[in-house]
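Some notes on the structure that comes next.
The values are calculated or read from the model by the stated rules, or taken from the named source; none is laboratory data. Values in this document were obtained by computation on a predicted structure and should not be read as measured data. Ideal geometry is used to build each Cβ from the backbone, glycine not excepted, and the neighbour counts take in all protein chains shown. All accessible areas refer to the heavy atoms of the entire protein, side chains included, with ligands and DNA or RNA removed. Shrake-Rupley method; radii C 1.70, N 1.55, O 1.52, S 1.80 Å.
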Amino acid sequence: MAEYKNGDGEVPEFMDNLWEAGIHHRVIVHSERCSGVELMEVHKRRLFATYLQTATFDQTLLSAIDQHLPGLHDREILPGNLFQQHGAAADKIMSDLNKVAPLEVPVTVSGEPGLGKERIAQAVHENSSRNRMPITFVRHEDMVLGSSCHTPCGECFLEKCFKENQGGTLALIDLQNFCPKGQAVLRSRMRDPTCNVRIITTADKMMMKAKLESGEFNRNLWFELSKGMIEIPPLRDCPDNIEWLAKKLLEHFCVKHNRPELIITNDAIMVLKAFAWPGNVMQLNAVLVRKAVQCEKGVIDADDFIDLIEVDEERNGETLFERFIRVLKSSPTVAIAAKRLGKSVRTLYNWMKKHGVNCKGVPIAKKSLQPSL
């Protein structure tokens, strides 16, 4: 939860104050006794969200942290609240998390990119018995860049991480990228009875499967690291999440940037639900932020997401006329129906006039609908 350079005996009480205040990220608090060399090392390794130079451990410091990092008390954006999931998906994740977090087994958080696997890893740590100790996130590129012995893989860097995190948690991000030498260090540390470090990993599900099948990743190591497993479903499998999630992300954007409330229409939600979201929550957030930045009227509508619309393929045994009516009925606007059909808006209006239907595909006159266009 926090790292400190202080020896005055007040740290445990202050940690309790942080916990009660709902501040769960890592903060480095230092005094003039902390040398500049130490601060530069901490900064280089990016071990903190921010640091504050102070000698006090009271409400003044808590207020200063809140001032420097606004929004920390908004539980919707804290890692442990899984704001990227909702409903049955979140219930399943939380159930799995609550089962594995109190145990001392290694945990792997598996899923596609863009689902917030690091947040889940953080939540596992926060709900474990080691939550008063720090959690350190390590990527394979950190090992390479952090190596001081010029080895092809920074195994010495990884060894150092294990040494410095005794009693705490080591979170290995994108496990599938770890090279054979990094894997060898992990296997060695996990077999060492004196190693008092809990390991939490995140992995891209499909990439890890490919690495295991090709033999690039050690199967025995994978079996050890995945004793505790939390799988996050892709956003396309949880369409009911999208409305709740979109509104939460827009609300967070408005609060963060001091913008008036933005309204997203039901038609716009319909378009978002129809999109596959290969980049999952990260992509959804990027799209919403882009539209929010451009929005001047305070309302985000379906036509704002027309660039997300994909051509709707003809179904088996379906005529062009039947496809035209089906797409009209299931599209919030004519412009979106035209995009789905791969036609111009003018063409659709001509077809609607020819066959006597309105923008929802409903007949507006007693005119026989011909089965062809």
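Applying the condition of being open to solvent by 40 Å² or more (accessible area, probe 1.4 Å) and assigned to a strand (DSSP E or B) to the stretch 229-263 and asking which residue is farthest from N98 (Cα to Cα) yields I263. The residues in the stretch 121-130 that are part of a helix (DSSP H, G or I) and at pLDDT 90 or above can be counted, and the count is 3.
Suppose we keep only residues that are within 18 Å of the chain's Cα centre (by Cα) and of a type in the set (D, E) within the stretch 166-213. Which one would you say is most open to solvent (accessible area, probe 1.4 Å)? Applying the filter and picking the extreme gives D174.
Residue-wise test of (1) closer than 20 Å to L115 by Cα; (2) in contact (Cβ under 8 Å) with a residue 60 or more places away in the chain; (3) not polar (S, T, N, Q).
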{"site": "E216", "(1), (2), (3)": "no, no, yes"}
{"site": "I230", "(1), (2), (3)": "yes, yes, yes"}
{"site": "P239", "(1), (2), (3)": "yes, no, yes"}
{"site": "L245", "(1), (2), (3)": "yes, yes, yes"}
{"site": "K248", "(1), (2), (3)": "yes, yes, yes"}
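If only residues of the stretch 98-109 that are outside any helix (DSSP H, G or I) and open to solvent by 10 Å² or more (accessible area, probe 1.4 Å) are counted, the one that is farthest from G228 (Cα to Cα) is P102. Taken as a whole, the structure leaves T151 outside the set of residues that are modelled with pLDDT of 90 or more and either touching a Phe, Trp or Tyr at 6+ places or on another chain (Cβ under 9 Å) or not aliphatic (A, V, I, L, M) (or both).
Out of the residues in the stretch 283-320 that are in a helix (DSSP H, G or I), touching a residue at least 40 places away in the same chain (Cβ under 8 Å) and over 17 Å from K256 (Cα atoms), state the one that is least open to solvent (accessible area, probe 1.4 Å). Filtering the stretch 283-320 for residues that are in a helix (DSSP H, G or I), touching a residue at least 40 places away in the same chain (Cβ under 8 Å) and over 17 Å from K256 (Cα atoms), the one least open to solvent (accessible area, probe 1.4 Å) comes out as L284. Among the residues of the stretch 80-97, is there at least one that is modelled with pLDDT of 90 or more, over 23 Å from W244 (Cα atoms) and buried (at least 18 other Cβ atoms within 10 Å of the Cβ)? No.
Kindly indicate which of K343, K354 is more than 32 Å from the chain's Cα centre (by Cα) and part of a loop (DSSP other than H, G, I, E, B).
Step by step, each of K343, K354 is checked, and only K343 is more than 32 Å from the chain's Cα centre (by Cα) and part of a loop (DSSP other than H, G, I, E, B).
The single condition from (1) open to solvent by 30 Å² or more (accessible area, probe 1.4 Å); (2) closer than 22 Å to R132 by Cβ that R219 fails is (2).
Among the residues of the stretch 265-286, which ones are modelled with pLDDT of 85 or more, small (G, A, S) and more than 19 Å from P113 (Cα to Cα)? Matches in the stretch 265-286: A268 only.
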